[in-house]
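Please read the structure below before turning to the comments.
Read-outs: derived from the displayed coordinates by stated rules, not from any lab. Small disclaimer: the values here were computed from a predicted structure and weren't measured. Here the Cβ is made from the backbone with ideal geometry for all residues, glycine too, and neighbour counts use every protein chain on show.
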Amino acid sequence: MKSYNHATRNKSEIALTFDDGPNPYWTRKFLDLLNKHKIKANFFLIGRWAKRWPHVVMNIFREGHLIGNHSYSHPQYGKGDFGKAEKVIEKVIGIKPRFIRPRRIF
């Protein structure tokens, strides 16, 4: 697995990311704002919420944003259940997410 913590340094770019969704109300608000400004973002989703609101996951995907894996249940301590979340996301959008965002524990 590769870990990314920066992009190429010869371009002025940022990566806009959202964690912990999807949420029917807030995700729609974010998508509308992003679409208005023609911005693409990265949504790192929690599997249990993706399972609960698959239509929201499909909206993110259909509107051209990257979908990543932020574990199934967002555990406070220990390893995330990324395999379970991957299966849920793949079932909804038809492809496995290429990126994961583990929860950092400080």
> Are there trypsin sites (Lys or Arg not before Pro) in segment 10-74 that DSSP puts in a loop and that have at most 13 other Cβ atoms within 10 Å, and which ones?
Replying inline: K11, K38, K40
>> With just the Cα atoms defining each centre, how far is segment 49-99 from segment 7-36? Give it in Å.
In response: 15
> Which distance in nm do the two modelled labels at D32 and R48 give, with both placed 7 Å along the Cα-to-Cβ direction?
Replying inline: 2.9
>> On a straight-distance basis, which lysines could pair with K51 in a cross-link, Cα separation under 29 angstrom, same-chain partners fewer than 8 positions away excluded?
In response: K2, K29, K36, K38, K40, K79, K84, K87, K91, K96
> Looking at segment 4-74, which chymotrypsin sites (Phe, Trp or Tyr not before Pro) are DSSP coil and have at most 12 other C-beta atoms within 10 Å of their C-beta?
Replying inline: Y4
>> Going by amide H atoms built from the backbone, whose H comes under 5 Å of the H on I100, apart from near neighbours?
In response: N69
